[in-house]
Amino acid sequence: MVAGELLFSGMTDWKAVGRGKPADESQTPNVMEPSRVSTLLGIPIVSVCGGAAAAHCVAITEDGRAFVWGRNECGQLGLGDKENRMVPTQVTKGFPAGTKFVTGACGKSHTILLTSTGDSFAFGSNKHGQLGTGSITKKNAKGEEDCRLVPIQSAGIAKATSVSCGAEFTAWICGDDGSVYTAGLPQYGQLGHGTDHEYNQAASSVKIAYDPQPMPRHVAGLADVKTLKLACGQNHVVAVDANGKIWTWGNGGYGRLGHKVQKDEFAPRMVDIQGGDRNACPPDCVVAASQTSTWVSALQGQMYVFGKIKTSGDNHMYPVPFMDLQGWNLRSIACGSTTFVACGEDQSIAWGQGAGCGELGYGSAGPKSSANPKLIDSLAGKMVRQVAMGLGHSLFLIDAEDAADLPVYTPAELDPAAAVAPVTAAKGKRKPAPAKGPKKKAPKKK
């Protein structure tokens, strides 16, 4: 990945993300358009990391450091505490000296980082074993869960090349043969182990629970293929193999698995796509998954989508061409819960319905949502290499020379002595205060 500069857009009241509008925008202003982050200026970034259920951010530098910020209620920032962070902070504990990180992924309350040697380090909530440590520490206090506040190495993961996090589970691609391993919550079959590990907790009544899976386990249904790409929605997975075939498993609601039925799949199942073998996904295809939808590019870059892509309207029960992106040569696509962002050529686009707090990057004068893909005007003619999203924010990795005229966001930690976090326009001009967005509805529990 070419090193560049990080841009941030979206909500900065990390406690309120996904739960409502910001409590005090004078202290936690919405960043309404892609902006450089003052504390990361001049630091070459090679990877930006997110997740459809995440309310925190990860950026990996060219020299292998990991910077984190956002919600930290379960220690998902790996900084040794549970205090939210406004300012990007380097992760420094829990791994050997000289460790270099290359990429990562964010779940609802956990984070995974991969090293240059293919090791996996994890931190945050381990309630369902999503850190892949091989065990879950029992807590004495009622309601207290296993939270790892500093990085710990995932068990049995070696030569990892890619990782993606669902809300409460994790999937890795490992080794030259592209083996897939998963750990965490098995509720909808999203681990691909052939079962949802359901059991009844009570002897005299019905109290259904799902046995956590803390030990990463090989997904046997993909043993005969080499997996190249993989993405996790909140409770489902999509993968593409070396033959260009698409596989999905997990929660089948709204048709997000592409099998023409709303049925959970406990093991990987191949998706039929228009054109069959003549429409195979190329090795450089892009894949992404939101809460209720799946996105994969096939022959000549044509984007296909299945599932529910709007908060209202019909579902796509099988892969259909997404004609609004026809002709685009996309490099990267990312999903929040109900929002989407992509980059291709020298343009970036966003669409969806979120909290209206800047996560689409349209600017203070732009729309708060868009049913169809819309260009992000401030990034027109600029080379964005990668995008990432969370519940209420977007991250962009842009060539440094293209970032020079973009505004700068200056975060400040929330304490009595901290200054208000302003967004300063390019060339020293102050941007007007952003308009307040509509109240955000809490995402449906899956």
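If you put +1 on each Lys and Arg Cβ and -1 on each Asp and Glu Cβ, how big is the dipole of segment 65-208 around its Cα centre, in Debye rounded to 20?
400 debye
Taking only protein heavy atoms into account and a 1.4 Å probe, give the accessible area per residue of the chain in Å².
40 Å²
Multiply the residue separation of Glu198 and Asp377 by 0.36 nm, subtract the distance between their alpha-carbon atoms, and state the gained length in nm to one decimal.
59.6 nm
Could you run the Karplus curve 6.51 cos²θ - 1.76 cosθ + 1.60 with θ = phi - 60° over segment 14-30 and give me ³J(HN,Hα) per residue in whole Hz, x for Gly and Pro?
Karplus-based 3J(HN,Hα) across segment 14-30 equals 5, 5, 8, 4, x, 10, x, 7, x, 6, 8, 6, 6, 9, 10, x, 6 Hz.
Which of Ser378, Gln213, Ala288 sits farthest toward the positive end of the charge dipole of the chain, with +1 on the Cβ of Lys and Arg and -1 on the Cβ of Asp and Glu?
The listed residue farthest towards the positive side: Gln213.
Return the label of the correct value of percent of Cα pairs over 41 Å apart, as calculated from the structure shown, out of (1) 13; (2) 41; (3) 10.
(3)
If the elastic network links every pair of Cα atoms under 10 Å, which of Glu33, Glu62, Glu144 fluctuates the most in the Gaussian network model of the chain?
Glu144
Hey, can you rank 329-335, 252-258, 368-374 by average C-beta count inside 10 Å, highest first?
252-258, 329-335, 368-374
Of Gln90, Gln190, Gln291, which is the most mobile in a GNM of the chain whose springs link Cα atoms less than 10 angstrom apart?
Comparing Gln90, Gln190, Gln291 in the GNM, the peak value goes to Gln90.
Out of the total accessible area of the chain (probe 1.4 Å, heavy atoms of protein only), what percent is carbon and sulfur?
49 percent
Taking Cα centroids, how far is segment 111-131 from segment 249-317 in Å?
27 Å
Enumerate the calculated ³J(HN,Hα) couplings along segment 342-347 in order (Karplus 6.51 cos²θ - 1.76 cosθ + 1.60, θ = phi - 60°), each rounded to whole Hz, writing x wherever the residue is Gly or Pro.
Once rounded to whole Hz, the list reads 8, 9, x, 6, 10, 9.
Listed highest first by mean packing, meaning other Cβ atoms within 10 Å per residue, what order do 38-46, 196-204, 301-309 come in?
Result, highest mean Cβ count within 10 Å first: 301-309, 38-46, 196-204.
Using modelled amide H (1.01 Å from N, peptide plane; none on Pro or chain starts), what sits under 5 Å from the amide H of Ala267, excluding residues fewer than 5 places away?
Close amide H contacts, sequence-distant or interchain: Gly194, Gly250.
Filter the trypsin sites (Lys or Arg not before Pro) in segment 191-227 down to the DSSP loop ones having no more than 12 other Cβ atoms within 10 Å, then list what survives.
When the trypsin sites (Lys or Arg not before Pro) of segment 191-227 are filtered for loop state and at most 12 Cβ neighbours within 10 Å, Lys207 remain.
Distance between the C-alpha centers of segment 1-31 and segment 146-206? Whole Å please.
If you average the Cα positions of each part, the centres end up 29 Å apart.
If you average the alpha carbon positions of segment 57-81 and of segment 319-396, how far apart do those two centres end up, in angstrom?
Using only Cα atoms to place each centre, the spacing works out to 24 Å.
The values are calculated or read from the model by the stated rules, or taken from the named source; none is laboratory data. Source: prediction; values computed, not measured. As a convention, Cβ positions derive from the backbone with ideal geometry for all residues, glycine included, and neighbour counts pool all protein chains shown. Ligands, DNA and RNA are stripped out before the accessible areas are found, and what is left, the full protein with its side chains, is counted by its heavy atoms. Shrake-Rupley method; radii C 1.70, N 1.55, O 1.52, S 1.80 Å.
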